[in-house]
Every structure is written in structure tokens, then in C-alpha cells.
Amino acid sequence: MRPPVSREAAPRTVIWQDLLPVTRRQRWGELTLPLPWLGLSWGLYASALWPLGAGASFMFFLCALRLNHEAIHGNLGLQRRGDIAVLHILSALMCGCNCSVAWSHMQHHRHAMGPGDIEGHCGHMSVGEVLRYGPRFPFDLIRACWAQGGKKWRRRILRDGICVATLAGLILWSGQQFLLLHLAAMGAAQCMTAFFAVWITHQGTGNSDLAARSQRGMLAKAAYLMLFHREHHLFPKVPVSRLPELAARLDTQVPGYAASRLPVVPWLDPWSR
């Protein structure tokens with residue numbers, strides 16, 4: 001049996017509401033964030049340097065995860081139907097069901113590594129276990145959302161499926177190498193989502209009072225700020241782009257916060273040395 005989880009509470013002494021507003025420029029910056037990496041990967045896949053396209057695909061998937069995450073939490077400044085449209089478009093490009101991810105992610109916030117956390121249970125695994133489990137993870141999220149999410153989420157899952165099937169069908173029909181390689185890369189990325197999107201930010205926190213791990217320094221910047229995960233769990237309505245500011249406030253204004261932080265990769269975190 002898993003040990004009981006004590007969820008970390010958001011400090012009430014920290015001012016964070018001023019970090020919420022999203023300007024039109026910031027919104028478009030978020031909406032277009034994955035596109036340069038997508039274009040670069042396709043360009044590389046269409047050239048003699050096609051093996052290098054895998055790195056660009058990884059970065060596209062990372063940026064698409066960030067955009068998907070912001071749409072899930074309504075942090076783009078769009079109406080809800082706009083957020084759902086973003087999820088459907090990204091589902092096609094990422095070859096996955098992002099609406100099931102959205103439903104499961106909200107359960108993840110609600111249950112915080114407990115028995116009802118379908119997404120976060122990966123954090124209780126060893127690295128070998130989560131890598132073996134990875135290919136099954138997206139299907140488990142779909143099954144859970146279909147069974148528990150109700151008619152609204154079932155309709156969204158079906159629309160995601162239509163988007164993925166349509167784009168995948170067009171890619172296979174075209175026979176273009178760069179698109180076929182994109183399809184293969186997204187399939188591989190979906191199999192690694194449990195590891196990269198869940199395990200690395202939650203492993204080792206199941207027995208602690210911490211909401212998640214949190215990284216500082218160059219690695220955090222290279223990961224497009226997605227590794228400020230403890231801060232996100234405490235204040236999920238703060239856009240990812242503003243999480244470094246939130247982290248600085250928490251580090252300096254909340255006694256013991258900085259000292260208790262668990263980095264994702266300690267030797268790449270300048271504050272943990």
C-alpha cells in the first residue's frame with residue numbers, strides 16, 4: 001500500500017495575484033511557442049541531417065506540453081472553448097489525447113499523489129518501472145477519463161481521436177519522409193510522457209510534505225520553466241512564464257521554503273550546492 005500523502009498548502013503570506021494577468025503579446029507568445037521547433041524538426045527531417053530532427057521534435061513536444069498545460073489551467077486568457085480548441089489542435093500535432101490529459105491533470109491537482117491521482121501514481125514508481133509503464137500511460141488516462149469524466153469529456157475524447165486520426169491518415173497518405181518521421185517521433189514521445197512529464201518532478205516526494213520538485217538555474221530555463229513544478233502546484237493559476245518570479249518570492253518570504261526544496265537534478269541546480 002502507498003503511504004498517506006500530506007498535501008503541501010499554498011502559503012497565505014505571499015502576494016501572487018499580480019502575476020495572473022496575461023497581455024495579448026504574452027498570449028500569442030505562448031500560442032506560437034512550439035512552432036519554431038516544429039518547423040526546425042520538419043526541416044531537418046527533410047534534409048540529410050534528418051537524425052538531428054529528433055532533438056528538435058523533443059523540444060517541440062516540450063513546448064507543446066507547456067502550451068497544453070496552460071490551456072488546461074485556463075492561463076492563456078482565452079474563453080474556455082478557446083482552451084479546448086488548443087487542446088484539440090495539439091492533440092493532432094502531438095498524436096495524443098490531450099483532453100484525457102486535461103481531465104487527469106485536474107484530478108492530479110485534486111488528489112495530489114493520493115489513491116485518486118491517476119496521473120501522479122507514476123511518481124511512486126522506480127525509474128525502470130516508469131520507463132516500462134510509459135507506453136501504457138496515455139491509454140490509462142484515456143480509459144480513466146472515459147469511465148469517470150462523463151459525457152462532456154467523452155465527446156472531447158472523441159474529437160481528439162478524430163483530430164489525431166485525420167492528421168495521421170493524411171501523413172500516411174502523403175508518404176512524405178519528414179511527416180512520417182514526425183509521426184514516429186510523437187509516438188515515441190507519448191511513450192516517454194510518464195517519465196518526463198510526471199516522474200522527474202514527483203519522484204521521491206510521495207513520502208514528503210512537498211507538492212513536487214522544483215529546479216533553478218540553466219536547466220530550468222532550458223526546460224522552458226516547466227521544472228518550477230512545486231510552485232505550479234501551490235499556485236496553479238500563475239502562468240508558467242511568471243513562475244520564476246513566484247519562486248523568488250517563496251524563497252525569500254516563506255521561512256524554510258528554500259531549504260526544503262528538492263531539485264529535479266541537484267548537480268545542475270546552483271542553489272542546492
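Things worth noting here:
- Three-way shape call for segment 1-127 based on the alpha-carbon gyration tensor, with the a/c threshold at 1.5: oblate
- Semi-axes of the equivalent ellipsoid for segment 132-273, Cα gyration tensor, largest first, Å: 35, 19, 14
- Helical runs assigned H by DSSP (4 residues or longer) give the chain a calculated mean residue ellipticity at 222 nm of -17500 deg cm²/dmol, each run adding -39500 (n - 2.57) before division by the residue total.
- Computed over the chain: relative contact order in percent, which uses C-alpha pairs under 8 Å that are six or more apart: 24 percent
- Choice from VAL14, VAL22, VAL238 showing the highest fluctuation, given a GNM over the chain with Cα pairs closer than 10 Å: VAL14
- Taking a point 7 Å from the Cα of SER126 along the Cα-to-Cβ direction, the residues of segment 204-238 with backbone N closer than 16 Å to it are 204.
- Distance from segment 1-74 to segment 107-176 (C-alpha centre basis), Å: 17 Å
- Rounded to 0.05, the FRET efficiency of the PHE139 and LEU180 pair, given R0 = 22 Å and the Cβ-Cβ distance, is 0.45.
- Percentage of interatomic Cα-Cα distances in the chain larger than 30 Å: 29 percent
- From most to least packed by mean Cβ count within 10 Å, the peptides 44-51, 138-145 give 138-145, 44-51.
- Normalising by residue count, segment 209-273 has a Cα convex hull of 76 Å³ per residue.
- Shape call, segment 66-189: gyration tensor on alpha carbons, a/c limit 1.5: oblate
- Gaussian network model of the chain, springs between alpha carbon atoms under 10 Å - residue of VAL240, VAL86, VAL127 with greatest fluctuation: VAL127
Any read-out appearing in this document is the output of simple, stated calculations on the displayed coordinates, not a laboratory observation. It should be emphasised that the depicted structure is a prediction, and the values quoted were computed from it without experimental measurement. In this analysis, Cβ positions are derived from the backbone assuming ideal geometry, glycine residues included, and neighbour counts consider all displayed protein chains.
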